[in-house]
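Participant: Okay, handing you the structure first.
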Amino acid sequence: SLGKPQTLAADHHGRPYAVHQLGPGDGGRPAAPGLRPPRAGPRHGAAAHLHLHRAPPHRPARLRRPPRRIFSRLLITEAAHDPAIPTSVDRIGVLPDALLRRIVSRLPIADAARTAVLASRWRRLWLSTEPVLIDAFLRPDDHANSPAIAAAVSGILEAHPGPFRRVHLTRCRMGAHQAQLARWLQLLAAKGVRELVLVNRPWPCDVPLPDTLFTISSLVRLYIGLWKLPDTAGLRGASFPNLRELGICTVVMEQGDVETIVASSPVLEVLSIQGSHKGLRLRLVSQSLRCVQICSSVVENVTVVKAPCLERLILQGGRHAASGMCTMVSILDAPKLHFFGFLGPGNHVLGIGGTVI
């Protein structure tokens, strides 16, 4: 029978194996690692009694790499993780410009602008980003300081060449800054902005909205609140070739203003009207509209003349029967309409084709 292992050796791959010897007097040289020698016989002698048994391979425990979290998604180069780089070396500086540009563009606008003082490279990076300007973040501890906020907005819009990915102006008393507002819209029209939220704070809501707003052709999303729309002549030059979402909240406007804006927006998909108190009469003609929502408004009638892509028409929170007024809703051509509400007996009259309910 086999004796206990006498030695532990390794093959040419570094894999361990145990050597067992048989009874006394047996000798000979060991066989090749991992192989069982041939059976004993007259031609092989005592060397055939040496058996080799491979030890279980040694598998070191797999060490889990620390998560890279945010930076793993941003594909940081190997140079930034090279352990050979001394700790005193600027690891962020070895990252490519494209990655640094994405990081800077996600910083609050004030912090992103401060990176420009680090070095000439950082100034170039800051000026080549598409920043997000939200005036509520400029002075978070002093929301009521409208002049200071307006000055900060002016400085950023003048200094950065654009385009701007998103601009939210909701903290300024626009009635006191009409000259600055006109300049802001001129800059945004010239430099480009994709999303604009423009709210006049506080009341009243009859501060005139500059005509320049309706010439910002780069807009994809536009939300306006607490304004007075310009007259019909001012809206005739409206051009929104890229606009997909339009929100109008508590805006003083004349009949036909909404139709003029919709007609100048050939790819508009979402129209939201809220807080219209003058008695809205709306005629919808659009090849692109998919959703129309009218909330908390006084609505006299809504007529869907031709809207081949319209899927959802939502009326909610309108004037009820106690006021002595019903809303007439007429659906003439909307073949894809599949969600329609909310109608109440005595509050709405529904007409579909030639049928009135």
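Participant: For region 243-357, which strands (runs of 3 or more DSSP E) that fit wholly inside it have 1 or more residues that are at pLDDT 95 or above? If you could, list the steps in order and put the result at the bottom.
Facilitator: On the way: elements: 245-249, 270-274, 280-285, 291-295, 299-306, 312-316, 327-331, 339-341, 348-352.
Correct list: 245-249, 270-274, 280-285, 291-295, 299-306, 312-316.
Participant: Could you please find all residues in region 218-242 being modelled with pLDDT of 95 or more and of a type in the set (A, V, I, L, M)?
Facilitator: The answer is 219, 220, 222, 224.
Participant: Would you please list the contacts, defined by Cβ atoms under 6 Å and residues six or more apart or on different chains, that run from a residue in region 149-175 that is in contact (Cβ under 8 Å) with a residue 12 or more places away in the chain to a residue that is of a type in the set (S, T, N, Q)?
Facilitator: Note: pairs meeting the criteria are 150/180; 154/180; 172/146; 173/146; 174/200.
Rundown of residues vs (1) crowded, with 16+ Cβ neighbours inside 10 Å; (2) aliphatic (A, V, I, L, M); (3) without any contact (Cβ under 8 Å) to a residue 40 or more places away in the chain, yes/no style:
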position: 276; (1), (2), (3): yes, no, yes
position: 282; (1), (2), (3): yes, yes, yes
position: 299; (1), (2), (3): yes, yes, yes
position: 311; (1), (2), (3): yes, no, yes
position: 318; (1), (2), (3): yes, no, yes
position: 337; (1), (2), (3): yes, yes, yes
position: 350; (1), (2), (3): no, yes, yes
position: 353; (1), (2), (3): no, no, yes
position: 356; (1), (2), (3): no, yes, yes
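Participant: Select from region 123-169 the residues that are surrounded by fewer than 17 Cβ atoms within 10 Å (Cβ to Cβ), over 24 Å from the mean Cα position of the chain (by Cα) and not basic (Lys, Arg) and list them in ascending order.
Facilitator: 141, 142, 143, 144, 145, 147, 148, 151, 154, 155, 158, 159
Participant: Would you pick out the residues in region 156-193 that are in contact with an Asp or Glu (Cβ under 8 Å, 6 or more places away or on another chain) and charged (D, E, K, R)?
Facilitator: Result: 165, 166, 171.
Participant: Based on what the data block shows, is residue 183 within 23 Å of the chain's Cα centre (by Cα), at pLDDT 95 or above, of a type outside the set (A, V, I, L, M, F, W, C) and in the same structural domain as residue 254 (by TED's automatic domain parsing)? Lay out the reasoning, then the answer.
Facilitator: Numbers: within 23 Å of the chain's Cα centre (by Cα): no; at pLDDT 95 or above: yes; of a type outside the set (A, V, I, L, M, F, W, C): yes; in the same structural domain as residue 254 (by TED's automatic domain parsing): yes.
Judged against the criteria, residue 183 is not a match.
Participant: Please specify each residue of region 236-259 satisfying the condition of being under 19 Å from residue 303 (Cα atoms), of a type outside the set (Asp, Glu) and either without any contact (Cβ under 8 Å) to a residue 12 or more places away in the chain or surrounded by fewer than 17 Cβ atoms within 10 Å (Cβ to Cβ) (or both).
Facilitator: Hits for region 236-259 are 255, 256.
The values are calculated or read from the model by the stated rules, or taken from the named source; none is laboratory data. What you see is a predicted model, and the numbers here were worked out from it, not measured in a lab. Cβ coordinates were reconstructed from backbone atoms using ideal geometry, including for glycine residues, and neighbour counts include every protein chain displayed.
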